[in-house]
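The structure appears right after this line, and notes come after that.
Just so you know, all these numbers are worked out from the coordinates, no wet-lab data involved. All values reported here derive from a predicted model rather than from experimental measurement. No Cβ is skipped: glycine too gets one built from the backbone with ideal geometry, and neighbour counts run over all protein chains shown.
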Amino acid sequence: MTTTHVLVLDFDGTVCLGDGAVLTYARLLDEALAATDEQHPPRLVEAVLARFVGSPLADEPEGVDEAIAYGEGSPDGYVVAERVSRALGVDDAARSAAYAGARAALAEGRLEVSAPDGLADLLDSLPDGVRVVLVTNSPEHGVVQPLERLGLADRVDELVTDARKPAGLPAVLERLRADAGLADRPDRLLSVGDIWPNDLEPAAAQGSPTALVERFAAPDARPTHRAATLPELYPAVRAWATRTS
């Protein structure tokens, strides 16, 4: 089958919804801090993150207001947790272990996740020439299993994990277009994601259209399309997928 379009989807926050994984990441970072600092307020990183995602803890520890400053300007919860924990003294090895633990919990089905309403139907309705590729910085373990539980695994034609976005994304996009015979048609690749610098800006720099799921305000972003939820972007995706000129 000839590929006419390439639809690139992000995973966390775009295809896979739910704050369980990032809150687990924060809790594991708090545990790492407690292991090295007995004075560390319990659940401090988690409390900062919970505020960021709009579900503050009922019993916030002391120091939340001060710690929030470390995560200001972050594009998503993972960056908030990374910046706050780094400022509080978590090293890279402990942070990597916490991230791996959160992805394992996701892979094992211990966290509640959902897909955007109507996503499976959208993907089923796209023309035959549209190749759907999921590109994520996450390891394969923790992506494949949720996709299967969400009923989306069979609707994705290719999975690119450990993509090292944003630095690694330009090469991935160029390869996807070349493989599809669309090297000189950047307009035939649409990148959809929730973080402008990671998911969309590299695609826009190559001349491709972009669609931003703007759960958190991104005033500096310049996507082709933007909306608070992915379903609001479905008409734009369908219009792009059926464009032949």
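With r as the distance between the Cβ atoms of R86 and D220 and R0 = 25 Å, compute the FRET efficiency 1/(1 + (r/R0)^6) and round to 0.05.
Efficiency, rounded to the nearest 0.05: 0.65.
Amide H to amide H under 5 Å from L189: which residues, 5+ apart in sequence or cross-chain, H placed 1.01 Å off N in plane?
Correct list: V6.
Given N residues in the chain, what is Rg(Cα) / (2.2 N^0.38 Å)?
So the Cα radius of gyration is 1.05 times the expected 2.2 N^0.38 Å.
Provide the three semi-axes, in whole Å and in decreasing order, of the ellipsoid equivalent to the range 1-67 as defined by the square roots of 5 times the Cα gyration tensor eigenvalues.
36, 14, 8
Stretched out fully, how many nm does the piece from D179 to D154 gain, at 0.36 nm a residue minus the Cα gap?
Taking 0.36 nm per residue and subtracting the Cα distance, the gain is 7.0 nm.
Counting only Cα atoms, I'd like the Rg/Rh figure for the range 15-117, Kirkwood definition for Rh.
The Rg/Rh ratio comes out at 0.96.
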